[in-house]
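Structure, as structure tokens:
The values are calculated or read from the model by the stated rules, or taken from the named source; none is laboratory data. Since we're looking at a predicted model, the values are computed, not measured. All Cβ positions, even for glycine, are placed from backbone atoms using ideal geometry, and neighbour counts span all protein chains on display. For the accessible areas, the whole protein counts, side chains as well, though only heavy atoms, and no ligand, DNA or RNA atoms are used. Shrake-Rupley method; radii C 1.70, N 1.55, O 1.52, S 1.80 Å.
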Amino acid sequence: MARPVIEIEKVDLSLGEGAGRVHILKGVDLDVAAGETVGILGPSGSGKSTLLMVMAGLERAGAGSVTIAGSRLDTLDEDGLARFRGRNVGIIFQSFHLLPTMTALENVAVPLELAGTPDAFELARAELVSVGLGHRLTHYPAEMSGGEQQRVAIARALAPRPAILIADEPTGNLDFETGEEIVRLMFEASATRGMTLIIVTHDRTLAARCDRQVVMRSGEIVSGARAAPAALGV
């Protein structure tokens, strides 16, 4: 039986101090198989975006273990987490998070350069072409539509060839038609590159397109925590 690419065991996370302390994740268990697509659903405040950040090493669990692509994130220091993310996880946010003073090409290439990737600009150019932005290489975020900015974000996330692509409400700021195109690009990348895809969404129709739906409520997973045996290679 193949090991899951994501293994989260009994993870707790609280934020704040004293009377303002909030228990966000409560004993969360989750496994995800390599190449699986998973939609995470739940009401606002259920902990789904926080769980995504724990997977990416952007939030540290207070208790429990987090093993992603064979690395125990709870044992890594901040530099180790940064190196881990650069190699293994691509992240797409609802609000794009592009640097406004950099062109589309620079937004994709500069993180690669900082990670020591050879031919960073050539690789970035190829990724932008693959998402239909070959004509926008020298444009700045303010000169692009929301859909184009999200395509740049997808190219940036895919350029390091990560094992896992995670997306937090990736269509939340887009109209329906543009959102559909962004969804197509993500699922196509997952299928052609064999990447695991995790999507946090309020859209049940989008979640239904995934291999599995995980439902969260009040910091707990109430359904869908375990991958089917076939997905794990049993």
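Key figures
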| read-out | value |
| --- | --- |
| Some residue of segment 155-178 being open to solvent by 40 Å² or more (accessible area, probe 1.4 Å), of a type in the set (D, E, K, R) and under 24 Å from ILE68 (Cα atoms) | yes |
| Candidate set from segment 89-111 (those that are over 25 Å from GLY35 (Cβ atoms), open to solvent by 60 Å² or more (accessible area, probe 1.4 Å) and under 19 Å from the mean Cα position of the chain (by Cα)); member that is modelled with the highest pLDDT | LEU99 |
| Some residue of segment 4-21 being open to solvent by less than 10 Å² (accessible area, probe 1.4 Å), of a type outside the set (Lys, Arg) and out of contact with any strand residue (DSSP E or B) (no Cβ under 7 Å at 6 or more places or on another chain) | no |
| So LEU197, is it touching a Leu at 6+ places or on another chain (Cβ under 6 Å), touching a residue at least 60 places away in the same chain (Cβ under 8 Å) and open to solvent by less than 20 Å² (accessible area, probe 1.4 Å) | yes |
| Those strands (runs of 3 or more DSSP E) lying entirely in segment 22-90 with at least 2 residues within 20 Å of LEU158 (Cα to Cα) and among the β-branched types (Val, Ile, Thr) | 37-41 |
| Per-region count, segment 32-45, residues out of contact with any helix residue (DSSP H, G or I) (no Cβ under 8 Å at 6 or more places or on another chain) and either under 24 Å from PHE84 (Cα atoms) or buried (at least 22 other Cβ atoms within 10 Å of the Cβ) (or both) | 3 |
| Residue that is farthest from the chain's Cα centre (by Cα), among those in segment 59-88 that are basic (Lys, Arg) and over 19 Å from PRO170 (Cβ atoms) | ARG72 |
| Selection count, segment 119-153, where residues are without any contact (Cβ under 8 Å) to a residue 24 or more places away in the chain, acidic (Asp, Glu) and either open to solvent by less than 10 Å² (accessible area, probe 1.4 Å) or assigned to a loop (DSSP other than H, G, I, E, B) (or both) | 1 |
| Conditions (1) over 19 Å from VAL5 (Cα atoms); (2) surrounded by fewer than 22 Cβ atoms within 10 Å (Cβ to Cβ): number failed by LEU25 | (2) |
| Residue among THR117, THR101, THR75, THR37 that is of a type in the set (Ser, Thr, Tyr) and in contact with an Asp or Glu (Cβ under 9 Å, 6 or more places away or on another chain) | THR37 |
